[in-house]
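The values are calculated or read from the model by the stated rules, or taken from the named source; none is laboratory data. The structure displayed is predicted, hence computed values, not measured ones. With ideal geometry, Cβ positions are generated from the backbone for all residues, glycine too; neighbour counts draw on all protein chains shown. Note: areas computed on protein heavy atoms with side chains; ligands, DNA, RNA excluded. Shrake-Rupley method; radii C 1.70, N 1.55, O 1.52, S 1.80 Å.
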Amino acid sequence: MISFTDAALRHFRDHTGPDQYLVFGLKRYGCSGYAYDCQATQQVPEGYQITDINGLRVAYDSQAQQLQGLIVDYQRRGLNSAVVYLNPNEVARCGCGESVHFGQR
């Protein structure tokens, strides 16, 4: 359901402890409606799917159809770096890029 580039796997492995899960979901946020929610934690919410991706323990909301096909990347551009979400289910992003919209194209 969720996949990671090699750069993203390296980044998240460097920033999560051996007893932590990387938990992905969506939260209501911003002018476009939703934002990706990513947290390293020892507690996995009830109903979340747990998987191991090359040594990274990942949990995600298996009921969130909007996460189907999500690719998580980590990109560096000059002095800046960021986690980048590439999702075929997005139909729009707000102007600042902080929130996304899912729905009819």
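If you scan segment 1-15, which residues turn out to be of a type in the set (A, V, I, L, M) and part of a helix (DSSP H, G or I)?
7, 8, 9 - these are the residues of segment 1-15 that are of a type in the set (A, V, I, L, M) and part of a helix (DSSP H, G or I).
If I go through segment 39-53 residue by residue, how many of them are assigned to a strand (DSSP E or B) and open to solvent by 80 Å² or more (accessible area, probe 1.4 Å)?
Residues flagged as assigned to a strand (DSSP E or B) and open to solvent by 80 Å² or more (accessible area, probe 1.4 Å) within segment 39-53 amount to 4.
When residue 18 is evaluated against the numbered criteria (1) modelled with pLDDT under 90; (2) part of a strand (DSSP E or B); (3) out of contact with any His (no Cβ under 9 Å at 6 or more places or on another chain), which criterion, by number, is the only one it fails?
(2)
Name the residue, out of 67, 56, 22, 9, that is touching a Cys at 6+ places or on another chain (Cβ under 7 Å) and of a type outside the set (Gly, Ala, Ser).
Every option except 22 fails the conditions.
Assess whether residue 25 counts as being in contact (Cβ under 8 Å) with a residue 24 or more places away in the chain, of a type outside the set (A, V, I, L, M, F, W, C) and over 20 Å from residue 1 (Cβ atoms).
Criteria not met by residue 25.
Could you list, in sequence order, the residues of segment 54-105 that are outside any strand (DSSP E or B), hydrophobic (A, V, I, L, M, F, W, C) and buried (at least 17 other Cβ atoms within 10 Å of the Cβ)?
Within segment 54-105, 64, 67, 70 qualify.
Can you pull out the residues in segment 8-26 that are under 18 Å from residue 71 (Cα atoms), open to solvent by 30 Å² or more (accessible area, probe 1.4 Å) and more than 11 Å from the chain's Cα centre (by Cα)?
10, 11, 13, 21 - these are the residues of segment 8-26 that are under 18 Å from residue 71 (Cα atoms), open to solvent by 30 Å² or more (accessible area, probe 1.4 Å) and more than 11 Å from the chain's Cα centre (by Cα).
Here's a check for you: in segment 29-38, which residue that is open to solvent by 40 Å² or more (accessible area, probe 1.4 Å), touching a residue at least 60 places away in the same chain (Cβ under 8 Å) and not in a loop (DSSP other than H, G, I, E, B) is farthest from residue 4 (Cα to Cα)?
Out of the qualifying residues, it is 29.
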